[in-house]
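Notes for the one structure printed next.
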Amino acid sequence: MESIVKKYQQKFRRVKDEMCRWDELQSRLISQFSNASSIIQRLQVIQDCRNYGALKCVEDIENAVLAKQMESLQTILLSINKTMEEFHGIVSSLEKIVRDSRQLVKAGSSQPTAKQLKQRVGVKPTLAECLDGLRLLEEMHQSEYLLKLSVVSALPALALKPSESGDLVALQQLLVDQPNIPREEVQFIYDIVFAEEIS
Amino acid sequence: MEPKTPPYESRSQSQKSTPPPSSAAARLWRPAAQRNLRNQWSNLNSLRQDWRSAASAGRSHATAIVNSYLSQNTTLGARRTLVCWCFGMEVRYMDGMEFGVLSDMPNIRKKACSKLFKQQELYRGKLLSSYRDMVAIVTRMVNTCKSMRCYLRGTSNSPLAQFSFSLEDDSDSGDCGGIPVFAFYSVASFEELAWEMVRMFVSELNLKRLLVMELLYIYDEKVAKVIGICWSDEFYDGEFDELSLLNLYSEETREPVLPCLRGCKSSTSAVQSKQQQDSNVLQVYLTTWLVEVNIDRCRVDEIFAIVGGEMHVDFS
């Protein structure tokens, strides 16, 4: 039993590594999103030739500036998609960790009994706590990924109607907040699993 | 850049009918020419990095000017007291603001304003000096383009072949009869690629000059009188000399050529500058500074990739 718990703790460490990668991607995504949204917020202003002041003497300048900005926006949107793919990679590997962990309890004997699952040795977590914890972490990241996906896929549409740029601020805040991954809850899971290491 | 008149247009090898060089001469010429081209192109490569940092420094100074001006505007009328310690960004509302207990201090308003004015003056100075750096960088680019050829020096019957990179003898076109220097490209092709790129920077520099002029114009008439500069003014001593080298100064009109987009004709209408700038216009100015409409980054990278491939140098 104890050795299985050790194996689970190993899995939690792997999840932690994935979550570190997630945080890196998160800050990358935020900066990409805010770059995109500052371009989108400018689009209306730069399309209006009345805003060109002294630059009016340069023929066709507004089209050139607009074209350049659209080009950069395109590039940013592509890199956002790349970041999303990497997020997806993390979600997949969390799924795999959960799948493997289910195998782990079955491996030794037949289905463990409810009693075995809830059996506690010292400060070590029970098997049920380990299983639930992993599943919960996976679910959090899975739903957060889906949320992010829907937020970033709203971007191109917002670029077409920049008047609703107020939405951009709200969307960005949503990305920053990551409502599906409550920090305290994550910490709570880790506190239980690694209770022995808390001094 | 009008293709008709540039004084620095590369000399095509057809202009001079140099007899095809003997293979011995080519054998001697090639290593010297290769070394020269490698040096010149790595110069160009570091110059484009220099441009990038000068342009981005310029952009942050420009942003500071605009922000300072806008924050004066947005806070205009806001009644605040005891803020005169935050001298950073608040000029405009000095007028409407209440100094509270501080109003008893002699000349407090005047002192605060003059301090703020000094701050803005600092940004203006920095922007101008970034512009100056950019002119110097582009000037060096143009000089580099002009130094791609490699001429035989001294007498041909000397046992020691020596080469120079400045023209000494009119009969030598410096490209060894247009033979490939490395694998395929002649000196003229290298020059053509270099000019293609440098022209982008030249026209972007000219556009930035207009932006600098406009950004230096931003000031608050309540705080101080700034003598704005106009297009025909020399922004700093010696600017016109450098601009004529870049073909950006017209001897005819005795003022700098008006900016235009790459490949377009520069406009004949005069620059009209308004003193009071609206925040949208300022945003457009900053965006225009940022996007560098005249510089096609992909093409520039491609040019360096082509040249790098040819001479087996990695410029990235």
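A few comments on the model shown:
- Taking amide H as placed 1.01 Å from N in the peptide plane, the amide H of residue B:163 sits under 5 Å from that of B:153, each at least 5 places away or on another chain.
- Beyond 31 Å in Cα-Cα separation lie the following of the pairs A:11/A:148; A:82/B:126; A:106/A:148; A:82/A:124; A:16/A:106: A:82/B:126; A:106/A:148; A:82/A:124.
- The long axis of helix A:166-177 is offset from the longest Cα principal axis of chain A by roughly 20 degrees.
- Taking label positions 7 Å along the Cα-Cβ direction at both residue B:229 and residue B:153, the computed distance is 3.8 nm, reported to one decimal.
- Rounded tilt (10° steps) of A:2-47 against the dominant C-alpha axis of chain A: 10
- Shielding by partners for peptide B:291-298, expressed as the average number of C-beta atoms from other protein chains within 10 Å of each residue's C-beta, is 4.
- Extension gain (nm, one decimal) between residue B:35 and residue B:237, 0.36 nm per residue minus Cα-Cα: 69.1 nm
- Point-to-point label distance, residue A:161-residue B:250, nm (Cα→Cβ direction, 7 Å offset): 4.7
- Each label point was placed 7 Å from the Cα along the Cα-to-Cβ direction; for residue B:46 and residue A:99 their separation is 5.4 nm.
- Given +1 at the Cβ of Lys and Arg, -1 at the Cβ of Asp and Glu and no other charges, the dipole of segment A:2-198 around its Cα centre is 800 debye to the nearest 20.
- Crossing angle, helix A:127-153 versus chain A [Cα axis fit, 0-90 degrees, rounded to tens]: 10
- Candidates B:213, B:190, B:202 compared by Cα position along the dipole of segment B:175-219: farthest toward the positive end lies B:213, with charges placed on Cβ.
- Surface composition of segment A:42-199: carbon plus sulfur atoms contribute 55% of the solvent-accessible area (1.4 Å probe, protein chains only, all chains present).
- Residue-wise HN-Hα coupling along segment A:117-124, computed from phi with Karplus coefficients 6.51, -1.76, 1.60 (Hz; x: Gly, Pro): 4, 9, 5, 10, 10, x, 8, 5
- Averaging the sequence gap over all C-alpha pairs within less than 8 Å and six or more residues apart, then dividing by the number of residues, gives segment A:2-198 a relative contact order of 31 percent.
- 5 angstrom amide H check on residue A:59, placed H, neighbours 5+ away: B:261, B:267
- Sequence-distant residues sharing a close amide H with residue B:255 (under 5 Å, placed H): B:250
The values are calculated or read from the model by the stated rules, or taken from the named source; none is laboratory data. Since the model is a prediction, treat every value here as computed from it, not as a measurement. FYI the Cβ positions are ideal-geometry reconstructions off the backbone, even for glycines, and counts take in every protein chain you see. Just the protein is used for accessible areas: all its heavy atoms, side chains included, with ligands, DNA and RNA removed. Shrake-Rupley method; radii C 1.70, N 1.55, O 1.52, S 1.80 Å.
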